[in-house]
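Data first, discussion second: the structure below is written as structure tokens.
The values are calculated or read from the model by the stated rules, or taken from the named source; none is laboratory data. Keep in mind that what you see is a predicted model, and the values were worked out from it rather than measured. Counting neighbours? That spans all protein chains shown, and the Cβs are built from the backbone with ideal geometry, glycine included.
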Amino acid sequence: MTNIPKKADILFSAYSVEPYQILKDAMKRKKEDIIQELLDSGLRGRGGAGFPTGMKWKFGAAEKADQKYVICNADEGEPGTFKDKKLLTDVPRKTISGMAICAYVTGATKGFIYLRAEYRYLLASLEKEIEVFEQKAKEFGLDFEIKIFMGAGAYVCGEETALIESMEGKRGEPRNKPPYPIQNGYLGKPTIVNNVETLASVSMVCRLGAEEYKKLGTSDQKGSKLFSISGDSPKEGVHELELGMKVSDFVTEYGDGDTKAIQVGGVAGYCIPRKKFESTIIGEGQTTGGSTLIFNSTRSMYRVLHNYLDFYAEESCGQCTPCRVGCQQLLKGIEAVKAGTKPPKYLDQLMKLSNTMNLTSKCGLGQSVTNSFTTIVENFREEMIF
Ligand SMILES: Cc1cc2nc3c(=O)[nH]c(=O)nc-3n(C[C@H](O)[C@H](O)[C@H](O)COP(=O)(O)O)c2cc1C
Ligand code: SF4
């Protein structure tokens, strides 16, 4: 039996109390109660890594410093992801209110929206929204100002420490971790970095309460999530769905009837082939950054993988050898197997290389290459061969 994936209507329209009323109500509560509410809600970061938001804020609140910062990560560079753009276009106040609740809870007095270079057209409308917010903040007695920092188009600058480096005027290269931004972030001060959707979801957890929010999802995955759907789908766009759906149900609703694979979590994510649709729950055991690409049987998975590796080789910041050299070797390697100048078993060596990159690369970019590489090569090996 097919279950249509349950649509959720939390982030865009339902429960539409003015977000600044949510902020005002939150400011009447004890800070530790809000942290507990977030912990109870099970909300995890929507930027890809899935770190529990309540935990991050608890650590941020516990830091002692003369200055703390909140950064809203709106770099949204993952290919196939466009959900944060929609939130910032349609309901920016939910995200801004989430930033302000974070400031109230953690004691931060300065905030930044790190805006993807390609979203420059949103700058004027967001600046207007910030003016509205600043009036409200004055009214509510909240000492918190927000500025917008424009990105310059590098995918790696979505990684939180590279993002901070670039804000400090340096090359956008990831830092060694630890220390994490929560201890040593922007200008060496405690910094809470959250994704646009995470912050909007915080507003909604505060509005609904953890119990109500938790009714959505499964025991493992709570709440709703935005999916940017593209590829061979008659329903391309941003859809808010309850977490915990089977891939088979998702594909029935959003595919074109001929889906052979879907890629969840963008290039950093996983490829799920048709034979695993029934047994796989989207996001279970993996993180989903929000990008969901659908491929039908006319697509060459070799071309898909080639495209991903080309992207990785281009976007690697080059700071560490496993990623800088590994991305190029993987790209050249699959080209050689396809051309017949290397035997098919060379693919096994390449898979080992991608696993080594996972173990030895400095940041999530090089570490995640293996996700798409191994899941595409294992499931579509015949398409990789001459
Ligand atoms: C290469 C790379 C790119 C990333 N790009 C983004 C991005 O565009 N937006 C985002 O929110 N997180 C991105 N992240 C994840 C961030 O480092 C960080 O985990 C996230 O902003 C934390 O927010 P959250 O806890 O609300 O998810 C990226 C990570 C890596 C490794
Ligand atoms: S893994 Fe890649 S992107 Fe990350 S620091 Fe190393 S070279 Fe740069």
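Of the strands (runs of 3 or more DSSP E) lying entirely inside the range 239-299, those carrying at least 3 residues that are of a type outside the set (Gly, Ala, Ser) and either touching a helix residue (DSSP H, G or I) at 6+ places or on another chain (Cβ under 6 Å) or assigned by TED's automatic domain parsing to the domain that holds Leu309 (or both) are 270-273.
Being of a type in the set (A, V, I, L, M, F, W, C) and touching a Phe, Trp or Tyr at 6+ places or on another chain (Cβ under 9 Å) holds for only one residue in Ile22, Ile96, and it is Ile96. Of the helices (runs of 4 or more DSSP H) lying entirely inside the range 303-386, the ones with 1 or more residues being more than 13 Å from ligand 2 (Cβ to nearest atom) and among the polar types (S, T, N, Q) are found at 321-339, 346-360, 364-379.
Yes/no per residue for (1) within 27 Å of Met27 (Cβ to Cβ); (2) polar (S, T, N, Q); (3) surrounded by fewer than 13 Cβ atoms within 10 Å (Cβ to Cβ):
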site: Ile101; (1), (2), (3): yes, no, no
site: Ala108; (1), (2), (3): yes, no, no
site: Phe133; (1), (2), (3): yes, no, no
site: Ile146; (1), (2), (3): yes, no, no
site: Val156; (1), (2), (3): no, no, no
site: Asn176; (1), (2), (3): no, yes, yes
site: Ile192; (1), (2), (3): yes, no, no
site: Asn195; (1), (2), (3): yes, yes, no
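In the condition set (1) farther than 23 Å from Gly158 by Cα; (2) touching a helix residue (DSSP H, G or I) at 6+ places or on another chain (Cβ under 8 Å); (3) away from ligand 1 (no atom under 16 Å from the Cβ); (4) in contact (Cβ under 8 Å) with a residue 24 or more places away in the chain, Leu305 is compliant with all but (1). Entry remark, the range 264-287: residues being more than 16 Å from ligand 1 (Cβ to nearest atom) and either at positive phi or modelled with pLDDT under 90 (or both) number 6 in total. Evaluation of Gly290 against the conditions (1) away from ligand 1 (no atom under 16 Å from the Cβ); (2) of a type in the set (Gly, Ala, Ser); (3) crowded, with 19+ Cβ neighbours inside 10 Å shows that the sole unmet condition is (1).
Per the listing Glu284, Glu240, Glu278, the residue uniquely under 30 Å from Leu163 (Cβ atoms) and surrounded by fewer than 17 Cβ atoms within 10 Å (Cβ to Cβ) is Glu284. When Ser368 is tested against the conditions (1) within 15 Å of ligand 1 (Cβ to nearest atom); (2) in contact with a Lys or Arg (Cβ under 9 Å, 6 or more places away or on another chain); (3) among the polar types (S, T, N, Q), the lone failure is (2). Of the candidates Lys235, Lys246, Lys222, the single residue that is in contact (Cβ under 8 Å) with a residue 60 or more places away in the chain and either within 16 Å of ligand 2 (Cβ to nearest atom) or farther than 29 Å from Glu37 by Cβ (or both) is Lys246.
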